1. Within 13 Å, Cβ to Cβ, of Asp245, how many net charges do the neighbouring residues add up to if Lys/Arg are +1 and Asp/Glu are -1?
2. Computed from the mean reciprocal separation of all distinct C-alpha pairs, what Kirkwood hydrodynamic radius does region 1-160 have, in Å?
3. How high is the relative contact order of region 67-250, in percent, counting Cα pairs under 8 Å that sit 6 or more residues apart?
4. From the phi angles alone, apply the Karplus equation (6.51, -1.76, 1.60; θ = phi - 60°) to region 116-131 and give each ³J(HN,Hα) in whole Hz, x where the residue is Gly or Pro.
5. Say a site is exposed when it is one of the chymotrypsin sites (Phe, Trp or Tyr not before Pro), sits in a DSSP loop, and has at most 16 other Cβ atoms within 10 Å; what is then the longest site-free stretch of the chain?
6. Please label the shape of region 63-124 as rounded, prolate or oblate, based on the square roots a ≥ b ≥ c of the eigenvalues of the alpha-carbon gyration tensor (a/c under 1.5 means rounded; beyond that, a/b larger than b/c means prolate, else oblate).
7. Identify which of Ala133, Ala88, Ala105 has the largest mean-square fluctuation in a Gaussian network model of the chain, with springs joining Cα atoms closer than 10 Å.
8. For region 67-250, what is one quarter of the convex hull surface built on the Cα atoms, given in nm²?
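Just so you know, all these numbers are worked out from the coordinates, no wet-lab data involved. The shown structure was predicted, so the numbers you read here are calculated from the model rather than taken from an experiment. Methodologically, a virtual Cβ is constructed for each residue, glycine included, from the backbone with ideal geometry; neighbour enumeration extends over all protein chains shown.
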Amino acid sequence: MSQLDLSIEAGVSTRHLSFVETGRSRPSPDLILRLAEHLEMPLAERNTMLLAGGYAPAYPRHELSDPELAPVRAAVRQILDGHRPYPALLVDQHWHLVDANPAVALFTMDAQPHLLAPPINVLRLSLHPDGLAPRIVNLPEWRAHLLQRLHQQAASTNDPILYDLHEELRGYPGGDVDTTPVSDALSRVLVPLRYRHADQELSFVSTTTLFGTPRDVTVAGLAVEAFFPADSATTQALRARADRDSAAARHPAGAGGG
């Protein structure tokens, strides 16, 4: 974005914006926040700009367990529980697992313990050879999708942790994307996750849910990743699995007697 474009978008004269850029004029906190908003900067970076300008941060950073974020926790729990029997999980801005519903065990049950030690990074878990990767049928396609998404996130936030994670994941094996035109209707409109479980191929489409009006740094970094069955066979398999788990919980082995 050019200086002229930014000045027009933010409603600031080009002359004043030039003086701010060169240090001839000190910006007010309102101007800093206005520029940061039009540059679509993350809340944490907006706080950094304010501190650099000599002002207090404008956005708090609470822990998810703090009382102030109780409505956030309740909303997330409702989403996760309401999505059962399909997998859904909550991640932070660095893709660490924060919470999940029981159906996510479908993806983690065969992963090696070192990938499940907190903090669990779900992208590392997905693409590491000791994680989900061996069971992802369309691994090259899914890997390319995740790497592209991570690169875009790193570029938009300028977060060194995300850049390092991207570099790490690029080094994992996964093959090249097949450039042959796809034949099935689903793959022509989005990238599915095709996952092999118990000699059955399960197919998922995924969605990402963000909080629409965050004013807290922690809340701004949260995202719910939800997986939906992409075909009837996957729907039936997941519902049957949930029914078995429910029956096992009601009648655990060895319970009762006689």
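1. Working: positive: Arg84, Arg239, Arg241, Arg244, Arg250; negative: Asp243.
Once all neighbours under 13 Å are counted, the net charge is +4.
2. Numbers: mean 1/r = 0.0522 Å⁻¹.
Averaging 1/r across every pair of different Cα atoms and inverting gives 19.1 Å.
3. Working: 231 pairs, mean separation 41.6, N = 184.
Worked out over region 67-250, it gives 23 percent.
4. Whole-Hz 3J(HN,Hα) from phi for region 116-131: 9, 7, x, x, 7, 9, 6, 6, 4, 4, 6, 9, 6, x, 8, x.
5. Values: sites that count: Tyr55, Phe211.
Counting at most 16 other Cβ atoms within 10 Å as exposed, the longest clean stretch of the chain is 56-210.
6. Values: a/c = 2.73, a/b = 1.36, b/c = 2.00.
It is oblate, given that a/c is not under 1.5 and a/b is not larger than b/c.
7. Evaluated over the chain, the most mobile residue of the options is Ala105.
8. In nm², the orientation-averaged hull projection of region 67-250 is 12.2.
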